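The values are calculated or read from the model by the stated rules, or taken from the named source; none is laboratory data. Since this is a predicted model, take the numbers as computed values, not measurements. As a convention, Cβ positions derive from the backbone with ideal geometry for all residues, glycine included, and neighbour counts pool all protein chains shown. Ligands, DNA and RNA are stripped out before the accessible areas are found, and what is left, the full protein with its side chains, is counted by its heavy atoms. Shrake-Rupley method; radii C 1.70, N 1.55, O 1.52, S 1.80 Å.
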Amino acid sequence: MTVTWEELGWERLAGGVGRCRLPGWDCTAGLVLGADTVLMVDAGSSLAEGARLREAARRLAGRRVTHLALTHPHFDHVFGAAAFEDAEVYGAAGTGALFAPGGQGREALRADAVAEGLDARAARAAADALVPVPHEIGDACGLDLGDGGRVLLADVGSGHSGHDLAVLVLVPGSPAVVFCGDLVEESGDPQAGPDAVPERWPAALDRLLELGGADALYVPGHGAVVDAGFVRAQRDALAARFGVSR
């Protein structure tokens, strides 16, 4: 039996589109329900959290997740990915190499997770279980939701990380929804870690705004849903912070 978004503590954004704010790091996980497609946007910070998201999606959709989009390769967004068995996995170009068994990318993600407070055993298990990313998006890729709805997965360029993917959801009769990953943050200042590309971040937000337009709902990787004005202001603040001119 399916349930409503609200019954599971999720926020409905548009027809068949919702998101939840996960405990701990206040990460967004998104869900898009199509006629034959069930798309999860980001996978949570551990295998257990991924399993909880998978179950919530099953209850909301009445069927399994078919597609998983990873907005960027940071542990709090990808460590639950292995919970989504048989899903088609998408990420920005270069994401898959970071998840390769035995590679430095996995170890860096594990170490970062532990440093941020994730249980060491949970971090090791999630890092060891990271899934391949067979669908790497170098530009853009579309998914048909049926009934006139569609999703565009777009590599808008490096910024918060070296591999940032945006997810635009278009549903007839509803505002456009853009899942921004951590290119946009509302509950705190945008975080620039060692893999950030600050000099390109403002341009990535320009492309994000072009993608969604003036009337879209922009869903940050952390925090409340915002509008284009917020994204534009954050773009200008980042440009000033990192000394980037137009």
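For residue 34, the residues whose amide H sits under 5 Å from its own are 39, ignoring neighbours fewer than 5 places away on the same chain, with H placed 1.01 Å from N. Centre-to-centre separation between the Cα atoms of the range 113-162 and those of the range 1-76: 13 Å. Sequence-distant contacts, meaning Cα pairs under 8 Å at least 6 residues apart, place the relative contact order of the range 96-202 at 18 percent.
Our helix-only sum for the chain, with -39,500 (n - 2.57) per DSSP H run of n ≥ 4 divided by its residues, gives a mean residue ellipticity at 222 nm of -8500 deg cm²/dmol.
Summing +1 for each Lys or Arg and -1 for each Asp or Glu among the other residues whose beta-carbon sits under 13 angstrom from that of residue 132 gives -3.
Modelled spin labels at residue 11 and residue 240, positioned 7 Å past Cα toward Cβ, are 2.5 nm from each other.
Report the relative contact order of the chain, percent, no decimals, based on alpha-carbon pairs under 8 angstrom and at least 6 residues apart. Present the calculation step by step, with values, prior to reporting the outcome.
Details: 570 pairs, mean separation 38.5, N = 246.
Computed over the chain, the figure is 16 percent.
Heavy atoms of the protein chains alone define the surface here; on that basis the chain has 42 Å² accessible area per residue at 1.4 Å probe size.
Within the range 161-199, list the residues whose amide N lies under 16 Å from a label point set 7 Å along Cα→Cβ of residue 141. Correct set: 163-169. Kirkwood radius, the range 88-138, all distinct C-alpha pairs, inverse of mean reciprocal distance: 11.3 Å.
Once you have a ≥ b ≥ c as the square roots of the Cα gyration tensor eigenvalues for the range 1-78, tell me rounded if a/c is under 1.5, and otherwise prolate or oblate according to whether a/b is larger than b/c.
Details: a/c = 1.64, a/b = 1.41, b/c = 1.16.
Prolate is the answer for the range 1-78, as a/c is 1.5 or above and a/b outweighs b/c.
Around the amide H of residue 137, modelled in the peptide plane, lie the amide H atoms of 91, 92, 93, all under 5 Å away and 5 or more residues distant in sequence or on another chain.
When the Cα positions of 129, 113, 163 are compared along the charge dipole of the range 71-178, 113 comes out farthest toward the positive end, with charges on each C-beta of Lys, Arg, Asp and Glu.
Residue by residue through the range 84-93, what is 3J(HN,Hα) from phi via Karplus (6.51 cos²θ - 1.76 cosθ + 1.60, θ = phi - 60°)? Round to whole Hz and write x for glycine and proline. Karplus values, whole Hz, x for Gly and Pro: 9, 5, 6, 6, 6, 9, 10, x, 5, 3. At the residue level, residue 85 shows approximately 130 square angstrom of accessible surface with a 1.4 angstrom probe and all protein chains present.
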